[in-house]
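Trainee: Encoded as structure tokens, here's the structure I'll be asking about.
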Amino acid sequence: MMASKLAFVVIAMSLGACHSEIQANQDSYPATGDDAATGTGTSESHQGRLELHTTSDQAAADTDNLTMKFGTIKIHVADQTAQDALGGEWVVMTDDAGTFSIIEKQPHDYLLVAGDVPAVTYDAVDVEILATTYVNGDGQVYDVSPPEELSSDLRIDTVFCVGPDKTTVLDSNLQAQLGSNSPSDWFFNIDATVDDHGSCPR
């Protein structure tokens with residue numbers, strides 16, 4: 001199991017198209033020669049399945065829930081040679097992941113996204129936050145979303161491999177600490193514990 005720092009980053013929307021992207025769930029992908037993912041580098045299949053799961057954190061006594069609406073979820077191809085072969089460094093798994101509880105009274109496991117992706121090594125997961133809502137223990141609702149002119153991404157730096165014709169499962173636990181400087185000034189820090197179940201061949 002790997003503990004990864006989940007960075008809360010505010011990025012101007014105009015910078016969102018700086019990195020080349022390809023889409024998940026294509027019929028096929030070109031060979032990349034990424035032996036770290038395939039184990040042998042000789043498989044005729046160049047794609048595998050990836051499932052991203054998360055488990056919500058236990059709410060404190062003064063908190064009912066914290067929910068986030070996620071937009072784009074993408075994964076970063078680690079190797080430059082593989083990026084060149086695929087024609088992109090990010091694989092977009094979805095543009096509309098949905099709304100999930102990050103903190104709640106009764107924690108649950110959630111499937112964020114699943115799909116077929118190139119069978120290569122990856123080193124990051126990037127999740128776009130569209131909206132965030134906090135409900136305290138008294139039922140008061142607070143919109144703690146980023147400003148409309150900005151986009152916010154959660155980036156998890158973690159190495160994992162998707163092998164050909166195999167399913168890789170990433171399980172994460174998001175632990176959030178929410179605070180406030182004033183009724184209109186909220187902040188939170190999030191840590192993530194990620195388990196890739198030994199996806200990379202040794």
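Trainee: Could you check the spin-label model distance between residue 191 and residue 105? Points 7 Å from the Cα along Cα→Cβ, value in nm.
Mentor: So the two model labels end up 2.7 nm from each other.
Trainee: Which ordering of 51, 104 is given by a fewest-first count of other beta-carbon atoms within 10 Å?
Mentor: 51, 104
Trainee: If Lys and Arg each add +1 and Asp and Glu each add -1, what is the summed charge of the other residues whose beta carbon sits under 14 Å from the beta carbon of residue 72?
Mentor: -3
Trainee: Expressed as a fraction of 2.2 N^0.38 Å, the rule-of-thumb size for a compact globular protein of N residues, what is the C-alpha radius of gyration of segment 47-156?
Mentor: 1.24
Trainee: I've got another one for you. If we count every other residue with Cβ under 11 angstrom of residue 88's Cβ, Lys/Arg +1 and Asp/Glu -1, where does the sum land?
Mentor: Overall, the nearby charge balance is -2.
Trainee: Going by amide H atoms built from the backbone, whose H comes under 5 Å of the H on residue 168, apart from near neighbours?
Mentor: Excluding prolines and chain starts, which carry no amide H, the hits are 49, 50, 51.
Trainee: What does the net charge come to around residue 103 if you take all other residues with beta carbon closer than 13 Å to its beta carbon, with K and R at +1 and D and E at -1?
Mentor: -4
Trainee: Also: At 0.36 nm per residue, and after removing the present C-alpha to C-alpha distance, how many nm does the segment from residue 25 to residue 145 gain when stretched out fully?
Mentor: 40.2 nm
Every number here is computed from the coordinates shown, using simple stated rules; none is lab data. For clarity, every value in this text was computed on a predicted model and none was experimentally measured. Here Cβ is always computed from backbone atoms with ideal geometry, including for glycine, and neighbour counts include all displayed protein chains.
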